[in-house]
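What follows draws every value from the coordinates through simple rules; no lab data is involved. Given the structure is predicted, the values throughout are model-derived calculations rather than measurements. All Cβ positions, even for glycine, are placed from backbone atoms using ideal geometry, and neighbour counts span all protein chains on display.
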Amino acid sequence: MPELLRPQGPAAISMSHVSKIYHSDEEGDRTALADINLDIAVGDIFGIIGLSGAGKSTLVRCINGLETYQGGSLRVRGQEVSTLDAKGLRQLRQRTGMIFQHFNLMPSRTLLGNVELPLANTGMTRRQRTERAQELLDLVGLSQLAQSYPGELSGGQQQRVAIARALANRPDILLSDEATSALDPNTTKSILALLRDLHDRLGITVVLITHEMAVVRQICNRLAVIDQGRIVEEGRVFDVFAKPQAALTRSFVATTSNLDKVNDLVEQDSPIVHLEPGQVLLKMSYLSKAVNQAVVSTISREFDVDVNIIFGDVDVVEGSQLGGLVVRLEGSADHVSAALDYMRNQQIGIEVLNRG
């Protein structure tokens, strides 16, 4: 997948010190959002990830005016959301498509009828509405099912219909609130590929709310991690995955890789990681997009060390390799030390796990 460069220019969505508090006579006040500062550029595919109850759904509902916020500034296309009247909010939502976890399709309407629904009262003729809905069903690969009903479709197909409906009014921002959470892994992959394709073809800005780091890794170019209503980390996806700073981010990143299982193997004294005298067990992690050399063969050849790959996990994120290997090195102490220094100079993260 080619790298998605962050567009230059004004932010599609800009948040400064946004706060949201829920008031309850029975339970007291609860802070849902606290001092949120984020800029989402035009053309971003921006992931917002957090645990259940972290505030991410509240945040996305504030973006399209479904929730009010008490403090700070939240601007969409330069307009302060809290100052919009009823007409302004309708216009905001027309230009801001939204898809949800549970599709929210009307079971009594055909797919064509569901996609046509947002076009009511827009001044379009019936024929124009039908043509637009058919065009959108074709865009998501379901034109042949236009007269079917939601109950006759799989979950993935229903979500495609929901995406088509969200695009009916030609929005330039698409909000996705846990839209893949109810889907199996293969269907999730296809829906994310569809969102990426629509982003590329239509030039829309996508904000993706999720609790799954693998979803962010597949299509986003930037992400923010939210924890108990606060942003604890934000940046380019590759940078956050390569060098996570917050404890919550590190735990999320760990769910996408099997490299950390080596720690359990070491604790269990597994034969898989058994070392003879002079051997070193090592975890190598790619930390930079500049890493593209044949490192294993280079250190074996240049430093006269044997390299046995125990296991690995390497993926492509933003067009660059991300992940690493667990290896067993064997050679003289001086040669092993020189090989480690070489790898560090190549911006490869080195963690010596054990020595024989």
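Things to note:
- Residues in the stretch 309-314 carry Karplus couplings, in order, of 7, 7, 6, x, 8, 10 Hz; the curve used is 6.51 cos²θ - 1.76 cosθ + 1.60 with θ = phi - 60°, and Gly or Pro positions show x.
- Mean separation of Cα contacts under 8 Å, 6 or more apart, over the residue count of the stretch 5-153: relative contact order %: 20 percent
- Partners of K20 within straight-line reach, counting lysines whose Cα lies under 25 Å from its Cα and excluding those fewer than 8 residues away in the same chain: K56, K87.
- Taking only the alpha carbons of the stretch 198-356, we obtain Rg and Dmax values of 18.0, 59 Å in that order.
- Rounded, prolate or oblate (a/c below 1.5 giving rounded, otherwise prolate when a/b exceeds b/c) for the stretch 261-355 by Cα gyration tensor: oblate
- Between 0 and 90°, nearest 10: helix 155-166 axis offset from the chain longest Cα axis: 60 degrees
- Treating each Cα of the stretch 1-150 as an identical point scatterer and summing with the Debye formula, the log10 of I(q)/I(0) at q = 0.11, 0.17, 0.18, 0.20 Å⁻¹ comes to -0.60, -1.13, -1.18, -1.24.
- 15 Å cut-off, amide nitrogen to a point 7 angstrom out along V296 Cα→Cβ, residues in the stretch 220-264: 259
- Residues of the stretch 305-325 with amide N under 15 Å of the 7 Å Cα→Cβ point at Q268: 311
- For the stretch 11-254, the C-alpha radius of gyration sits at 1.02 times the compact-globule guess of 2.2 N^0.38 Å, with N the residue count.
- Each DSSP beta bridge with both residues in the chain is either parallel or antiparallel, and the antiparallel ones are about 70%.
- Hz values of 3J(HN,Hα) by residue in the stretch 317-325 - Karplus curve (6.51, -1.76, 1.60), Gly and Pro given as x: 10, 6, x, 10, 5, 9, x, x, 9
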